[in-house]
């Protein structure tokens, strides 16, 4: 059960106007109310509230409910004939959440869960729209492919250039249709994930609402030492293990963070792993990030892994930068790697990584992320499509890390991954490699292209390097095959 005690000040403190966060919210609401040019009595009659309630909301002697805030914003916008700026809306919401956090932690947690549920529903709706668009586009491309096939059949006796061009166009369309089918599968997978996450959030919200409505005290009401004694007693009775686990889960999301940290270090490894996962899964994201140093201090691989696995599904494009910047370094790298692991769409992966690293001009090597992108995601075993996407999005530094990881894989996987790129992607990839600061990685990449046994691609890479006066940086003495290929290319150009 949730902790009903207030973290700072009780209802009497709020009523006396002694809670700064509530007063700050009231000041913002009062400034907004002043624009209406009506008295509090008149407005109270308009919105069917007691005048005393309106007065308390505007003076900060009571935290205004969201419905009152939303109604006041609408009234003000209608009166002014223009919407409030987005920054003003966000600032007002932040004030209210901060007041709730101090005055009513349970309501604050519930608001956070409801917000996350709303975002999950929006993600699901967006996935539905993406799938519909992909179906329509796939239908058009399949129709075009059929038309080309029909034309090719009609011209089957013509072995001239027109038939060759049509055959090439047909092959290109078949590849594009296959890529669209893969995108459609990715979109359907994302929709399923969004629906699953939304259902989990909905159940959590309903459970929290039910427990708050009962108003009874539970795990959070016990002093920490008493809570520990009760847990030990339950563990000694083997049949009560499920009850003990339930109390730990409740404590993970309801007790103050100081208590949660103490419990994490008190628990044995197995229970600590589940406890850390519950903290990451159930608490507001701000609490989870504040708790991160405690996970690092525990210094147990299982605890760290369970915490990362539970936090990763909560990382989305909108909060990725805040998560990465709050965690930083190794923790941020691990969480970001886990967040992209199950995302099938390369486009979504690129968007998430770019959003997470916004404002970070020179990130750490990102070893976990690079390893995940090159070894643990789908058919593109070397992560070259994501590499190209990152480069095209302006994150050449991150793309370089992924290339460095890709060249350490087998040449068979590299050849397969390279073969999945189209003309524009290959050009972007070669341009990235040509300008790498790490000439050892550039040389290794060049060797992999040669081993792929695609002479046209090798010729194209050498040409780009020569045009940029970078070919001389490739260490040709390391491998005879590479040296010979460069020599052949130079002779063909009369160099």
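The values are calculated or read from the model by the stated rules, or taken from the named source; none is laboratory data. Keep in mind it's a predicted model, so treat the numbers as computed, not measured. All Cβ positions, glycine included, derive from the backbone under ideal geometry; neighbour counts span all protein chains shown.
At a glance:
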item	result
Pick from the stretch 460-480, criterion assigned to a helix (DSSP H, G or I) and either at positive phi or in contact with a helix residue (DSSP H, G or I) (Cβ under 6 Å, 6 or more places away or on another chain) (or both), ranking: modelled with the lowest pLDDT	473
All positions within the stretch 100-121 that are within 17 Å of residue 90 (Cβ to Cβ) and out of contact with any helix residue (DSSP H, G or I) (no Cβ under 7 Å at 6 or more places or on another chain)	112, 115, 118, 119
Candidates 385, 367 - the one that is closer than 23 Å to residue 188 by Cα and outside the structural domain of residue 116 (by TED's automatic domain parsing)	385
Matching residues in the stretch 265-277 - criterion: being closer than 23 Å to residue 108 by Cα and surrounded by 21 or more Cβ atoms within 10 Å (Cβ to Cβ)	275, 276
Matching residues, the stretch 398-418, being assigned to a loop (DSSP other than H, G, I, E, B), closer than 19 Å to residue 442 by Cβ and either modelled with pLDDT of 90 or more or out of contact with any helix residue (DSSP H, G or I) (no Cβ under 6 Å at 6 or more places or on another chain) (or both)	408, 409
Number of the condition not met by residue 409 [criteria: (1) within 29 Å of the chain's Cα centre (by Cα); (2) within 13 Å of residue 465 (Cα to Cα)]	(2)
Restricting the stretch 81-92 to residues that are modelled with pLDDT under 85 and in a helix (DSSP H, G or I), the residue that is farthest from residue 28 (Cα to Cα)	86
Tally, over the stretch 384-397, of residues that are in contact with a helix residue (DSSP H, G or I) (Cβ under 7 Å, 6 or more places away or on another chain) and under 13 Å from residue 351 (Cβ atoms)	6
Qualifying residue in the stretch 376-385 (condition: surrounded by fewer than 18 Cβ atoms within 10 Å (Cβ to Cβ), farther than 23 Å from residue 174 by Cα and modelled with pLDDT under 85)	yes
Check on residue 100, surrounded by 15 or more Cβ atoms within 10 Å (Cβ to Cβ), part of a helix (DSSP H, G or I), under 28 Å from the mean Cα position of the chain (by Cα) and free of Cβ contacts under 8 Å to residues at least 60 places away in the same chain	yes
Filter result (modelled with pLDDT under 90 and surrounded by 17 or more Cβ atoms within 10 Å (Cβ to Cβ)) within the stretch 333-345	343, 344, 345
Sole residue being within 27 Å of residue 134 (Cβ to Cβ), free of Cβ contacts under 8 Å to residues at least 60 places away in the same chain and not in a helix (DSSP H, G or I), chosen from 381, 344	381
Exclusive hit being at pLDDT 75 or above and under 21 Å from residue 312 (Cα atoms), set 191, 255, 202	191
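A quick yes/no check of all residues on (1) touching a helix residue (DSSP H, G or I) at 6+ places or on another chain (Cβ under 8 Å); (2) modelled with pLDDT under 85:
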{"site": "14", "(1), (2)": "yes, yes"}
{"site": "25", "(1), (2)": "yes, no"}
{"site": "58", "(1), (2)": "yes, no"}
{"site": "70", "(1), (2)": "no, no"}
